[in-house]
Amino acid sequence: MAIKLNIKNTDLREQEMSMVQPLVQNAYEQLTERRGAGHEMLGWLELPRTYDKKEFGRIKDAAERIQKQSQVLVVIGIGGSYLGARAGLEFVGGPFANLLRKCVEVYFAGTSLSADYLSNILQLIDGRDFSVNVISKSGTTTEPAVAFRIFRQKLEERYGKEGAKKRIYATTDAHKGALHNMAVKEGYETFVVPDNIGGRFSCLSAVGLLPMAAGGMNIDQVMQGCADACTEYENPDFLKNNTMLYAALRFLMLMKGRQVEILASYEPALIQFGEWYKQLMAESEGKDGKGLFPVTASFTTDLHSIGQFIQDGARIMFETVLWVQRSKNEVIVPHNSENADGLNFAAGLTLQQMNEKAMNGTLLAHVDGGVPNLIITIDQLTDYTFGELVYFFWKSLAISGYMIGINPFDQPGVEEYKRNMFALLGKPGYEAMENMLKNRLHGLES
Ligand code: PA5
């Protein structure tokens, strides 16, 4: 079953849809004719057809090796260099995947500068065999570089320099960067982040595929889902192409003053997918004072927290529900003769049926409360649907980015904090800024 889009609860008028049609058509053409801003970064557009099959084979071999040599795989990367893999592993395996799966446990380091978080992972590898997949396209990002230095030292202490080499897998630029140079010098097995694919579009290259395969995902199925979506969304007819329709809806919502998109799901297995979606949307669209602010919610959990705001607070948002039609497991609410909890009205129902009632009830309540709702339905949380959904969001986002007139493929704003951090850390080359920032901070403190 392909991804379904239900727009009946968005309250958009036919006239508005006709008005937006030329804009979405134009954005679609800019994208597919490769003449929009950032068009040199469109390697993902045809990725499921053009990917390097030889490297794909090496990824599978390396994944098998990691599974044999280690109990734990530490994946080191930040932003686009880890979010997709983490999303995929939980999408298919659920939030407890590490404890439930038979092969290696996969933990993500280099995602922050927290000493406590990093120490927790060090505790997890204590006395257990581990391997490291370090991922950085630029090869110079501070958070993963620091984490890699620490885990490399641990590997060398545990297995010696030669032994460590056999447990380090580096995914980086093919030609340049500190990580690339180090990998060549030390002789690590390397995988490539293609030049024409940016971080947040890279999860179906070696960046995401190696950790996903090592963690037991079927990456053939992932690529098949992605390939089928690639074909499905080539239809240039606006009303028959869900990526165009979704992009058009997001654009109209923004024009109507809905500045926040909430991606709501009813499966905890989708929480990390939500993190991936947030980065894709915010880093791509949030530029030049424009863009929708992406927020995620996991229902029914969050109905007991931000649900209040969604129902009754400032009317600034619309909701995109990511609904999974079939659960993989069936759990039935048992009958109880005493019925002390008063729950016998639900006896015999499956949790999936209850979840669906909750979804429909919430949808009506939110629509009544003035929050437009659209529903994206997928069949089940599988390797295949993960690939399919990733491509759906990539293409939709690229179209809606062009509709609001920004370059969806760069991230100039991310550099600001790095400059300040480097200056405050005393990195060579940032001396002039250092004093200026220190004075400003001093002013804030006093
Ligand atoms: O999407 C992006 O481009 C970013 O989120 C990067 O992936 C992130 O900054 C990590 O960069 P790198 O892979 O160069 O370490």
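The values are calculated or read from the model by the stated rules, or taken from the named source; none is laboratory data. Computed from a prediction, not measured in an experiment: that's the story for all the values here. For neighbour counting, all protein chains shown are included, and Cβ atoms are generated from backbone atoms with ideal geometry for every residue, glycine included. Ligands, DNA and RNA are stripped out before the accessible areas are found, and what is left, the full protein with its side chains, is counted by its heavy atoms. Shrake-Rupley method; radii C 1.70, N 1.55, O 1.52, S 1.80 Å.
Of the residues Ala206, Ala147, Ala213, the single one that is closer than 19 Å to Val104 by Cα, at pLDDT 95 or above and within 13 Å of the ligand (Cβ to nearest atom) is Ala206. Just to be sure I understand the filter: pairs with C-beta atoms under 7 Å, separated by 6 or more residues or on different chains, first member in the range 123-140 and at pLDDT 95 or above, second member assigned to a loop (DSSP other than H, G, I, E, B) and among the aromatic types (Phe, Trp, Tyr). Which pairs pass? Within 7 Å, the pairs are Ile135/Tyr82. Within the range 238-275, being more than 16 Å from the ligand (Cβ to nearest atom), charged (D, E, K, R), assigned to a helix (DSSP H, G or I) and in contact (Cβ under 8 Å) with a residue 24 or more places away in the chain holds for one residue alone: Arg250.
I'd like to verify a number: residues in the range 377-395 that are part of a helix (DSSP H, G or I), under 12 Å from Val324 (Cβ atoms), out of contact with any Leu (no Cβ under 9 Å at 6 or more places or on another chain) and not polar (S, T, N, Q), how many?
First pass over the range 377-395, keeping only residues part of a helix (DSSP H, G or I): 383-395.
Subsequent filtering for residues that are under 12 Å from Val324 (Cβ atoms) retains 385-386, 389.
Remaining after also requiring out of contact with any Leu (no Cβ under 9 Å at 6 or more places or on another chain): 385-386.
If we keep only those that are not polar (S, T, N, Q) as well, we get 386.
So the count comes out to 1.
Going through (1) under 20 Å from the mean Cα position of the chain (by Cα); (2) without any contact (Cβ under 8 Å) to a residue 40 or more places away in the chain; (3) within 16 Å of the ligand (Cβ to nearest atom) one by one, Ser81 falls short only on (2).
From the list Phe96, Phe91, the one residue that fits, being out of contact with any Lys or Arg (no Cβ under 9 Å at 6 or more places or on another chain), open to solvent by 10 Å² or more (accessible area, probe 1.4 Å) and either at negative phi or free of Cβ contacts under 8 Å to residues at least 24 places away in the same chain (or both), is Phe96.
Would you be able to say whether some residue in the range 84-107 is touching an Asp or Glu at 6+ places or on another chain (Cβ under 8 Å), of a type outside the set (Asp, Glu), more than 16 Å from the ligand (Cβ to nearest atom) and not in a helix (DSSP H, G or I)? No. Between Gly348, Gly291, Gly342, which is more than 21 Å from Arg86 (Cβ to Cβ), outside any helix (DSSP H, G or I) and in contact with an Asp or Glu (Cβ under 6 Å, 6 or more places away or on another chain)? After ruling out the rest, the residue left standing is Gly291. Here Lys287, Lys278 are screened, and the one residue that is within 16 Å of the ligand (Cβ to nearest atom), in contact with a strand residue (DSSP E or B) (Cβ under 8 Å, 6 or more places away or on another chain), open to solvent by 10 Å² or more (accessible area, probe 1.4 Å) and of a type in the set (Lys, Arg) is Lys278. Taking the criterion of being over 20 Å from Gly77 (Cβ atoms) and open to solvent by less than 60 Å² (accessible area, probe 1.4 Å), the residues of the range 151-174 that qualify are Glu156, Tyr159, Gly160, Gly163.
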